[in-house]
Amino acid sequence: MGSITLQNVSKSFGEAAVIPSIDLQINDGEFVVFVGPSGCGKSTLLRLIAGLEDVSGGRILIDGVDATAKPPSQRGLAMVFQSYALYPHMSVRSNIGFPLKMAGMDKAEIDRKVADAARILNLTDYLDRKPRQLSGGQRQRVAIGRAIVRSPECFLFDEPLSNLDAALRVNMRLEISQLHQQLNATSIYVTHDQVEAMTMADKIVVLNRGRIEQVGSPLELYHKPANLFVAGFIGSPK
Ligand code: ADP
Ligand code: MG
């Protein structure tokens, strides 16, 4: 379970129609990458799906059920941001367990779920550290840990690796792909980096000025770009 359907979804901020109208089907278990230049509306689209912004028009279905009016907490999604957004004064254990504490879960159960997440992410030895005592990659893992403790059906990643150096980025790409498979999740991953898109995606959605230029597998986009924009964007290094 974890399909997402966008029907005629639009978003305006005041007079500016940032997303004029988008239709998109994301299937259960897919790793979908939204790619496109800075300012094209990738984060806005992800925030609409997460429920962090209200749509101006259209509908969002999750597992076939209209979720357009549901608050973020009831959508079964977990978002991982570009900035780690960890609490600096809290231990790794408390950072990962925070969403569960907010949800009122009892301490023993929180400890168990945090331990499970830490095992999956190789953070077991770091649970008592503070974020500043961790490397960049470890911090990003803690942020992912905070998303997976809630056992979401779908992960939403907004440029999660853009603050990391190149070598670490390559490792974390692999880790995120493996995690996606291990958890049987559906993932939507936003990036402006076409290498990330080409190496991680089952399906790439190329966005430009709030519109979809093309949807396809990495190979389809590479061999049969729909237009010059897609060809230029997929073909040229950044
Ligand atoms: P991307 O993530 O692809 O870089 P964004 O979704 O952040 O793009 O932004 C798309 C456009 O929407 C940009 O022109 C941005 O300035 C505008 N925008 C995003 N959020 C807001 C907001 N809260 N108020 C007004 N304009 C916004
Ligand atoms: Mg963005």
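The values are calculated or read from the model by the stated rules, or taken from the named source; none is laboratory data. Just so it is clear, the structure is predicted and the values come from calculations on it, not from any experiment. Backbone-built Cβ (ideal geometry, glycine too); neighbour counts: all protein chains shown.
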For this session: Return the total of residues in region 1-10 being polar (S, T, N, Q) and surrounded by 22 or more Cβ atoms within 10 Å (Cβ to Cβ).
Result: 0
For this session: Determine the pairs where a residue that is of a type in the set (S, T, Y), located within region 19-38, has a partner that is within 16 Å of ligand 2 (Cβ to nearest atom) and at pLDDT below 95 with Cβ atoms under 8 Å apart, the partner being 6 or more residues away or on another chain.
Result: S38/H192
For this session: Specify the residue that is nearest to ligand 1 (Cβ to nearest atom); the eligible residues are those in region 11-20 that are surrounded by fewer than 17 Cβ atoms within 10 Å (Cβ to Cβ) and on the phi < 0 side of the Ramachandran plot.
Result: F13
Seminar exercise, completed: Of the residues in region 27-51, those that are surrounded by fewer than 16 Cβ atoms within 10 Å (Cβ to Cβ) and within 15 Å of ligand 1 (Cβ to nearest atom) number 3
Exercise. Based on what the data block shows, is R132 crowded, with 22+ Cβ neighbours inside 10 Å, touching a residue at least 40 places away in the same chain (Cβ under 8 Å) and away from ligand 2 (no atom under 16 Å from the Cβ)?
Worked result: no
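Rundown of residues vs (1) surrounded by 19 or more Cβ atoms within 10 Å (Cβ to Cβ); (2) within 22 Å of T44 (Cα to Cα); (3) within 16 Å of ligand 1 (Cβ to nearest atom), yes/no style:
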residue	(1), (2), (3)
L174	no, no, no
S177	no, no, no
H180	yes, no, no
L183	no, no, no
S187	yes, yes, no
V205	yes, yes, yes
R211	no, yes, yes
Exercise. Tally time: how many residues in region 87-105 are buried (at least 21 other Cβ atoms within 10 Å of the Cβ) and touching a Pro at 6+ places or on another chain (Cβ under 9 Å)?
Worked result: 2
For this session: Select from region 65-95 the residues that are at pLDDT 95 or above and not in a loop (DSSP other than H, G, I, E, B) and write down the one among them that is nearest to G51 (Cα to Cα).
Result: D66
